[in-house]
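Reading through the structure tokens given below for one structure.
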Amino acid sequence: MKTSVCIIGGGPSGLLLSQLLHLKGIDNVVLERQSREYVLSRIRAGVLEHGFAELMREARCGERMDREGEIHDGFIIAHAGRQHRVDLHKYSGGSSVLVYGQTEITRDLYEARDRMGGTVIHNVEDVQLHDLTSPAPHVTYRQGDDIVRIDCDFVIGADGFHGVSRKSIPRDVLKEYEKVYPFGWLGVLSRTKPVSPELIYARHERGFALCSLRSQVLSRYYIQVPLTDAVEDWSDEQFWDELKRRLPAEVAERLVTGPSIEKSIAPLRSFVAEPMRYGNLFLAGDAAHIVPPTGARGLNSAASDIHYLYHALVAHYQQGDDSGLENYSAKALARVWKAQRFSWWMTNMLHTYPDSLAYDQKLQTTELEYLFSSDNALGCLAENYVGLPF
Ligand code: RFL
Ligand code: PHB
């Protein structure tokens with residue numbers, strides 16, 4: 001098989017780039033290790049910035065998102081039994097975020113790829129990247145007993161944190177920066193009315209909690225748990241009891257509980273791999289960087305990578321201009337590190353660390369008190385949460 005761009009990974013990053021390139025007449029193939037059903041069963045992001053939504057519209061995939069997504073002009077931070085609203089609209093100069101699930105984004109992208117006759121190959125095994133520093137790289141994979149070879153100009157590594165692409169860069173070229181947090185998030189999806197029309201981020205001595213939503217009939221809640229906990233350790237009842245303990249009494253009282261329809265634990269990690277280019281391989285999204293979900297930046301950072309790559313590839317194929325490809329890694333990383341900083345800051349401010357000093361706890365409280373006493377501090381939070389410019 002021969003194509004211009006071979007994209008490894010059929011998550012939101014890979015599918016979005018595939019769709020955008022196809023609309024510009026640039027031939028591409030997506031290789032995905034899992035089945036479509038499996039990819040669509042993963043419950044992840046819920047908060048999108050406008051830059052991401054714009055890209056979805058440009059990819060002609062924004063119709064359902066604009067119809068069903070909810071615009072949020074603010075969110076709540078709860079601590080010490082009190083609730084403070086962060087007015088995103090006021091403090092970010094009129095911006096907001098969109099609440100629309102990653103599952104729905106992915107579904108919309110798959111449907112668009114089908115409609116346009118895009119090539120997305122599922123259940124590929126043993127993907128291997130070859131000759132990445134040559135002008136003619138190729139990718140091989142196994143499907144059943146067959147080894148299939150794809151010749152291409154460029155390989156895009158959009159295969160998430162555990163993918164093969166980043167691992168194909170020699171160890172002496174790649175530098176990895178990592179911070180692992182001593183806790184995870186236990187998430188529950190339930191077909192219940194959300195406890196609040198806006199998200200609530202709660203700091204509590206028993207651990208962080210988050211009340212989020214997918215729609216007015218579908219709620220998503222998280223609680224901070226030790227890394228040693230397993231999903232099986234938590235019955236639905238235990239989850240709801242613990243969530244209530246961490247919310248202000250007035251919120252806990254109106255929480256509607258119900259059976260969980262999905263329950264999973266995600267460990268929290270900050271990670272960046274540099275550079276994001278090796279020869280004709282370009283990394284994008286979770287393949288190159290991970291943030292703890294506290295700042296809702298992960299998918300949004302993937303979107304800015306895709307924006308830069310898309311424009312760089314179009315300039316290459318349409319104008320023979322390679323400056324975008326040359327600058328890709330530096331440009332993407334500059335924004336990636338700002339998302340890292342913000343996510344680390346939000347995580348530190350809101351989580352309970354197992355061995356924190358009384359001094360650290362005082363600083364955490366002071367950080368929150370300062371935040372809600374300063375328009376400048378709120379402005380800083382708001383401009384990062386709605387997304388820095390691409
Ligand atoms: P993905 O989604 O991991 O997709 C990569 C795809 O590559 C496939 N793959 C392979 N395919 C072929 N060959 C191989 N060798 C392969 N290895 C892997 C995988 O099967 C998969 O389908 O990466 P992508 O596309 O870069 O997207 C990134 C986002 O998924 C991620 O950043 C967000 O989900 C992070 N995130 C959030 N981001 C936000 O912007 N806002 C949020 O509100 C938000 N909330 C969250 C989150 C992530 C969470 N978890 C579970 C980590 C909440 C949670 C709980
Ligand atoms: C979610 O709804 O899954 C969600 C929302 C905000 C976050 C993280 C996750 O910061």
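At a glance:
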| quantity | calculated |
| --- | --- |
| Which numbered condition A266 fails, given (1) within 14 Å of ligand 2 (Cβ to nearest atom); (2) of a type in the set (G, A, S); (3) part of a helix (DSSP H, G or I) | (3) |
| Which listed residue is surrounded by fewer than 21 Cβ atoms within 10 Å (Cβ to Cβ), within 30 Å of Q364 (Cβ to Cβ) and within 16 Å of ligand 2 (Cβ to nearest atom), from E198, E178, E205 | E198 |
| Near pairs, Cβ below 6 angstrom, 6+ apart or cross-chain, from region 203-227 (at positive phi) to any residue that is outside any loop (DSSP other than H, G, I, E, B) and away from ligand 1 (no atom under 11 Å from the Cβ) | G207/Q224 |
| From the options V29, V47, V5, residue that is more than 16 Å from ligand 2 (Cβ to nearest atom), closer than 19 Å to A303 by Cβ and of a type in the set (A, V, I, L, M) | V5 |
| Residues being within 27 Å of L381 (Cβ to Cβ) and either of a type in the set (A, V, I, L, M, F, W, C) or not in a strand (DSSP E or B) (or both) - total across region 277-300 | 15 |
| Matching option when the condition is modelled with pLDDT of 95 or more and either surrounded by fewer than 22 Cβ atoms within 10 Å (Cβ to Cβ) or not assigned by TED's automatic domain parsing to the domain that holds A302 (or both), among G62, G14, G10 | G62 |
| Residue match in region 138-161 (condition: within 16 Å of ligand 2 (Cβ to nearest atom) and surrounded by fewer than 20 Cβ atoms within 10 Å (Cβ to Cβ)) | no |
| Single residue of region 40-58 satisfying the filter (near ligand 1 (Cβ under 8 Å from one of its atoms) and touching a Leu at 6+ places or on another chain (Cβ under 9 Å)) that is nearest to S92 (Cα to Cα) | E49 |
| Any hit, region 26-33, residues being under 17 Å from S304 (Cβ atoms) and among the polar types (S, T, N, Q) | no |
| Which listed residue is within 16 Å of ligand 1 (Cβ to nearest atom), of a type in the set (A, V, I, L, M) and closer than 27 Å to I105 by Cα, from A302, A312, A334 | A302 |
| Conditions (1) in the same structural domain as L227 (by TED's automatic domain parsing); (2) touching a helix residue (DSSP H, G or I) at 6+ places or on another chain (Cβ under 7 Å): number failed by K331 | (1) |
| Odd one out for R269 among (1) more than 24 Å from C152 (Cβ to Cβ); (2) touching a strand residue (DSSP E or B) at 6+ places or on another chain (Cβ under 6 Å); (3) more than 12 Å from ligand 1 (Cβ to nearest atom) | (3) |
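The values are calculated or read from the model by the stated rules, or taken from the named source; none is laboratory data. For clarity, every value in this text was computed on a predicted model and none was experimentally measured. As a convention, Cβ positions derive from the backbone with ideal geometry for all residues, glycine included, and neighbour counts pool all protein chains shown.
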